DNA sequence: CTGTTAGCGCGTTCAG
DNA sequence: CTGAACGCGCTAACAG
């Protein structure tokens, strides 16, 4: 309940000098007697002195804390991005407060308020699948706290964003499916509140168009990312009069679920039906068959987003840039779409 | 650079009342005119007012923030525990600051200092594989900031701990291997600075003893959790004059690596060699063969650890308890040890 | 080089 | 029910 905090005052008393002198010693100020400084530092060490960042933040109006708001924590995607963000933030002397919203809009709003109350210097945000109103995020802008979106961005807010070329990734993936001889490619499309869903869907559509394949609306399933429903959709697709010979799922966890379902039904992958996902989840290369997918440069996403954010933090509000950085994806072909993977050298 | 913060003073000025009144309205104080309160709240909402937790924490000497220090973020284990901890903390009005140490002792020390400087009310800690000195953690105790260990605990510190029965889990697992007819079971043992390694190793040893299998030191490989080295160890084991017919790896990521290596070599799993891991990682049920492993109640670990921590926070230092809560594990038998998994109802 | 003073935003006395 | 005054731990601006 009651904490023992060593304060500057304690040190000053002990050494019988003024508080400011102690403060200067602790903050490598230029004007300070090296001997005094040494004495102070030694005593501070001995007394377990630790600067109270709260007080400093209160004065300087800077907390050296970055907030990270992500929709979930279960797939390997966000943890990876966060690790990279933390490393980058740490280099610049920033800490990170993380909160995950469990794909709930309400929780996201709450988390945003907490970040605000904790005086973060900036926020890195990826929205939930439910988020359609952005008032809670616009507050940051109004208060002059920079915000950078990554992956799941808010299109209507004019702020920096880090995304990958979802359109191109999906396009290449679908072209690959066509090249393996597939004709009827189904798509489990994500909610259209997410720009990633739209990008991937459009890549899918345009790839079909380019190859003069007629688009069959029946094969495009609107899907809200609830893994539980995957099984139903797969069965529905297979029950069609003219069933698909490939399924492109909007993300890897979904594709994995599709594979499990198909295997249970007893169809051969990829001969009877090919499966592909998006984002190269940790499990994708381990399962059987291995999942063909589109890899995102996760490390780079975390790093660049953090750099952009810190850049904004160091800028006057009037100087804020709203550049969108779009990174390239990489198609990873594995055995869920091609019978024999050419063994990659390791 | 410059933030626009709405303060109590701003609201007071606007409404032409005193700061204390505004403060009272904002903190549901008993003595306040309902009308004044309503006016204040409305204006606060309109002005995007958000309490400055830094100032409040400074005064009350409470930050309502819990620090979480974990060694890594890549396996699904820690993210899962953290999600559960965050949910539990949130119920009690606490926020979470997370830092991962990348299995580096140095980073862990730095992270601990950051937590301290940020005036966390308590910390949840799981140490790195390198940590052998605990001074950076003992500071918390000296300062009266409660600390609760989970999973990777520090044995010499007398504080609450949440662990699973690693001994029993390993014992059951090894017994299972013996029951499938395996006689020479190798073990990739973790660093003995980690109590989990010791528990699992002892479970392994005692299971063998119970079944009168002679212990062969050659089959026990000291291993520092660096996945890169797994391949070498596996090849070494297989090259023995009398090679093992089963490998029990100290954790799932390692076991997965073992499986990959064995598959590449061309041996049959489990006929030629059975593989088992520990912790039921996300990928374990998806890979081929599916991995036999020991599941930990991750949700419960995060929840109980957080509850214990908050309980300590609400106690006087003199009243601190140092109970160790040991949770049960569950053996999960899959196709990496038994040819045909009895299909579980789903 | 060092000491003194003010004040960051807010809750909490104490008077009215 | 409300207002004024104080101080949390610390830095910054000013004097010496």
message: Could you check region B:43-56 and list, in sequence order, the residues that are within 11 Å of DNA strand C (Cβ to nearest atom) and more than 14 Å from chain A (Cβ to nearest Cβ)?
response: none
- line: Within region A:1-42, the count of residues that are surrounded by fewer than 18 Cβ atoms within 10 Å (Cβ to Cβ), under 17 Å from residue B:139 (Cβ atoms) and away from chain B (no Cβ under 14 Å) comes to 2
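For residue A:40, state whether it is at pLDDT 90 or above and in contact with a strand residue (DSSP E or B) (Cβ under 7 Å, 6 or more places away or on another chain).
For residue A:40, the condition - at pLDDT 90 or above and in contact with a strand residue (DSSP E or B) (Cβ under 7 Å, 6 or more places away or on another chain) - is not met.
Can you tell me which of A:272, A:245 is under 19 Å from residue A:175 (Cβ atoms), out of contact with any helix residue (DSSP H, G or I) (no Cβ under 6 Å at 6 or more places or on another chain) and modelled with pLDDT of 95 or more?
The unique qualifying residue is A:245.
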- request: Go through region B:16-135 and tell me which helices (runs of 4 or more DSSP H), entirely inside it, have 1 or more residues that are more than 16 Å from DNA strand D (Cβ to nearest atom).
  value: B:34-46, B:77-91, B:105-117
- line: Of the listed residues (A:144, A:122), the one being in contact with a helix residue (DSSP H, G or I) (Cβ under 9 Å, 6 or more places away or on another chain), touching a residue at least 60 places away in the same chain (Cβ under 8 Å) and at the interface with chain B (Cβ under 9 Å from one of its Cβ atoms) is A:144
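Listed here are the residues, each with its yes/no results for (1) closer than 29 Å to residue B:85 by Cα; (2) crowded, with 17+ Cβ neighbours inside 10 Å.
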| site | (1), (2) |
| --- | --- |
| B:145 | yes, yes |
| B:166 | yes, yes |
| B:226 | yes, no |
| B:233 | no, yes |
- request: Please tell me if residue A:264 is more than 31 Å from the chain's Cα centre (by Cα), within 23 Å of residue A:334 (Cα to Cα) and in the same structural domain as residue A:288 (by TED's automatic domain parsing).
  value: yes
Search result, residues across region B:285-339 that are within 13 Å of chain A (Cβ to nearest Cβ), surrounded by 20 or more Cβ atoms within 10 Å (Cβ to Cβ) and under 19 Å from residue B:163 (Cα atoms): B:298, B:302, B:310, B:312
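Let's see how each residue does on (1) within 15 Å of residue A:78 (Cβ to Cβ); (2) out of contact with any strand residue (DSSP E or B) (no Cβ under 7 Å at 6 or more places or on another chain):
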{"position": "A:130", "(1), (2)": "no, yes"}
{"position": "A:133", "(1), (2)": "no, yes"}
{"position": "A:141", "(1), (2)": "no, no"}
{"position": "A:146", "(1), (2)": "no, no"}
{"position": "A:158", "(1), (2)": "no, yes"}
{"position": "A:162", "(1), (2)": "yes, no"}
statement: Subset of region B:20-42, residues within 9 Å of DNA strand C (Cβ to nearest atom) and either in contact with a helix residue (DSSP H, G or I) (Cβ under 6 Å, 6 or more places away or on another chain) or under 17 Å from residue B:56 (Cβ atoms) (or both), comes to B:20, B:22, B:23, B:24, B:26, B:27, B:29
field: Residue selected from region A:68-89 under the condition within 10 Å of chain B (Cβ to nearest Cβ) and crowded, with 23+ Cβ neighbours inside 10 Å, by the criterion farthest from residue B:71 (Cα to Cα)
entry: A:68
query: Which residue pairs have Cβ atoms under 6 Å apart, sit 6 or more places apart or on different chains, and have a first residue in region A:308-320 that is without any contact (Cβ under 8 Å) to a residue 60 or more places away in the chain and a second that is assigned to a loop (DSSP other than H, G, I, E, B)?
result: A:316/B:1
field: When residues of region B:90-108 are limited to those that are in contact (Cβ under 8 Å) with a residue 12 or more places away in the chain and surrounded by fewer than 20 Cβ atoms within 10 Å (Cβ to Cβ), the one farthest from the other protein chains (Cβ to nearest Cβ)
entry: B:105
query: Is it the case that region B:301-317 has a residue that's under 23 Å from residue B:171 (Cα atoms) and in the same structural domain as residue B:140 (by TED's automatic domain parsing)?
result: yes
task: Give the number of residues within region B:252-266 that are farther than 17 Å from residue B:225 by Cβ and without any contact (Cβ under 8 Å) to a residue 24 or more places away in the chain.
output: 3
- prompt: For region A:153-163, does any single residue satisfy the condition of being free of Cβ contacts under 8 Å to residues at least 40 places away in the same chain and either within 14 Å of chain B (Cβ to nearest Cβ) or surrounded by fewer than 18 Cβ atoms within 10 Å (Cβ to Cβ) (or both)?
  reply: yes
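The values are calculated or read from the model by the stated rules, or taken from the named source; none is laboratory data. Bear in mind that the values here come from a model prediction, so they are computed numbers and not experimental data. We place every Cβ from the backbone using ideal geometry, glycine too, and count neighbours over all the protein chains shown.
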